[in-house]
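Report on the following structure.
The values are calculated or read from the model by the stated rules, or taken from the named source; none is laboratory data. As the structure is a computational prediction, the values presented were derived from the model and not from experiment. A quick note on method: Cβ atoms are made from the backbone with ideal geometry, for glycine too, and the neighbour counts reach across all protein chains shown. Just the protein is used for accessible areas: all its heavy atoms, side chains included, with ligands, DNA and RNA removed. Shrake-Rupley method; radii C 1.70, N 1.55, O 1.52, S 1.80 Å.
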Amino acid sequence: MILADPATGDPHRILAFGAGLIGTSVIDSLRLRTPLSLSVLPLDWSDASRRATDLAHVESEAMNAAVRGARISILWSAGRAGFNGSEQSTALELDSWREVLAMSARIAGRFKGVAFHLVSSAGALFEGQRLVTRDAEPLPRRPYGRLKLEQERLLLAEDRFAARCIYRVSTAYGPLRPNVRAGLVSALLLAAARREVTRITGRMDTLRDFVFSDDVGAFIADAILGSEPRDEISVLASGRPSSLMEVQSMVEQVVGRRLLVTYERETANAEDITFAASLLPPSWQPSDLRWNIGRLHRRAVIAGTW
């Protein structure tokens, strides 16, 4: 759990749960927009009794800040279960979610203006659907999708928040980070650098809607820092799906050589998941996939990530 506090200007405490690909991108974007003083507070995800103690500490810190006039925002981008998570792992994650939501609602019940920002999954909610529009209903097929839908339902049922903001993120990719799951793009770049074989589950022509984690982070950071957040569900996709083979080809063009790739045809991961451009928020401007692949490659080479 990260406690973020702008060092100047309007006092604002941002309780950020989860520092994976999206969470870290949000924090990075916040730091670009305003001076932040970051404090890492312990939160035990595996031990329920320890977690209760840790959350009590977080709640106390947030309450004290609110008493002093700070605006409170909560960001949930946590989760270890992942797209292929089991019933058991998603059930454990839901337990943690309920505890954080209950703590956040208590804060919102005492102080005005508390906003909750939830990172959800467009792919998990609409798996197997093509050109998803505003009329489409989420029909999750996996435990992970059912988890995200239940998180959304529980948040929307809690009326103590001044704003409940949900971000349904499509297939995200971004830079390689320690202890963070690598998306397809980063996995291909890393395998290319190491001259290793990449095993992709799906067909060459399987369509996915890829979005850059930095774009997602910037969009959510702007929403958190906005003066008047409001209830909203935003689908963050590109509206321009690419096949897995197209992504492989783009990486090959960037690194200048053919990749060693095998496609493992598994029905569960072979279906398309695409979104209509008309579904996307007007202020959302996703950047180009091909350009970002080159950017990630240059960044990794300069940083010596390989």
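All conditions but one from (1) touching a residue at least 60 places away in the same chain (Cβ under 8 Å); (2) open to solvent by 20 Å² or more (accessible area, probe 1.4 Å) apply to Val247; the one that does not is (2). Among the numbered conditions (1) in contact with a Ser or Thr (Cβ under 8 Å, 6 or more places away or on another chain); (2) farther than 13 Å from Leu184 by Cβ; (3) of a type in the set (A, V, I, L, M), the only one that Val254 does not meet is (1).
Hey, does segment 198-207 have a residue that's open to solvent by 70 Å² or more (accessible area, probe 1.4 Å) and either part of a loop (DSSP other than H, G, I, E, B) or in contact with a Pro (Cβ under 9 Å, 6 or more places away or on another chain) (or both)? Reasoning before the result, please.
Our first condition is that a residue be open to solvent by 70 Å² or more (accessible area, probe 1.4 Å); within segment 198-207, this holds for 199, 204-205.
Narrowing the set further to residues that are either part of a loop (DSSP other than H, G, I, E, B) or in contact with a Pro (Cβ under 9 Å, 6 or more places away or on another chain) (or both) leaves 204-205.
Within segment 198-207, one or more residues are open to solvent by 70 Å² or more (accessible area, probe 1.4 Å) and either part of a loop (DSSP other than H, G, I, E, B) or in contact with a Pro (Cβ under 9 Å, 6 or more places away or on another chain) (or both).
Taking the stated definitions as given, is Leu32 open to solvent by 30 Å² or more (accessible area, probe 1.4 Å), closer than 23 Å to Gly174 by Cα and modelled with pLDDT of 90 or more? For Leu32, the condition - open to solvent by 30 Å² or more (accessible area, probe 1.4 Å), closer than 23 Å to Gly174 by Cα and modelled with pLDDT of 90 or more - is met. Specify the residue that is surrounded by the fewest Cβ atoms within 10 Å (Cβ to Cβ); the eligible residues are those in segment 225-235 that are modelled with pLDDT of 95 or more and not acidic (Asp, Glu). Top of the filtered list is Ile233. Could you list all residues from segment 52-107 that are surrounded by 15 or more Cβ atoms within 10 Å (Cβ to Cβ) and of a type in the set (Ser, Thr, Tyr)? Within segment 52-107, Ser73, Ser77, Ser89, Thr90, Ser96, Ser104 qualify.
Looking at Asp215, Asp205, just one residue is under 25 Å from Ser25 (Cα atoms) and acidic (Asp, Glu), and that residue is Asp215. Count of segment 114-139 residues, restricted to those that are surrounded by fewer than 17 Cβ atoms within 10 Å (Cβ to Cβ) and among the small types (Gly, Ala, Ser), is 2. Just one of the listed residues (Ala218, Ala187, Ala192) is surrounded by fewer than 22 Cβ atoms within 10 Å (Cβ to Cβ), part of a helix (DSSP H, G or I) and touching a residue at least 12 places away in the same chain (Cβ under 8 Å), namely Ala218. Of the residues screened, Glu271 is one that is touching a Gly at 6+ places or on another chain (Cβ under 6 Å), among the charged types (D, E, K, R) and either under 25 Å from Ile14 (Cα atoms) or open to solvent by 20 Å² or more (accessible area, probe 1.4 Å) (or both). Being modelled with pLDDT under 90 and under 21 Å from the mean Cα position of the chain (by Cα) is the filter here, so list the residues in segment 267-283 that pass it. Answer for segment 267-283, where residues must be modelled with pLDDT under 90 and under 21 Å from the mean Cα position of the chain (by Cα): just Asn269. If you go through segment 284-296 and keep only what is at pLDDT below 95 and in contact with an Asp or Glu (Cβ under 8 Å, 6 or more places away or on another chain), you end up with just Gln285.
Checked against the criterion of being part of a helix (DSSP H, G or I) and touching a residue at least 40 places away in the same chain (Cβ under 8 Å), the candidates Gln151, Gln129, Gln88 yield just one match: Gln151.
Within this structure, Ser287 fails the test of being within 23 Å of Ala124 (Cα to Cα), crowded, with 18+ Cβ neighbours inside 10 Å and among the small types (Gly, Ala, Ser). Among the residues of segment 148-181, those identified as touching a strand residue (DSSP E or B) at 6+ places or on another chain (Cβ under 9 Å), among the hydrophobic types (A, V, I, L, M, F, W, C) and farther than 19 Å from Pro286 by Cβ are Leu149, Leu155, Leu156, Phe161, Ala162, Ala163.
Being touching a residue at least 12 places away in the same chain (Cβ under 8 Å), among the charged types (D, E, K, R) and open to solvent by 20 Å² or more (accessible area, probe 1.4 Å) narrows it down to one residue among Arg298, Arg265, Arg258; which is it? So that I can check it myself, show each step before the final result.
On the way: Arg298 fails: touching a residue at least 12 places away in the same chain (Cβ under 8 Å); Arg258 fails: touching a residue at least 12 places away in the same chain (Cβ under 8 Å).
One residue alone meets the criteria, Arg265.
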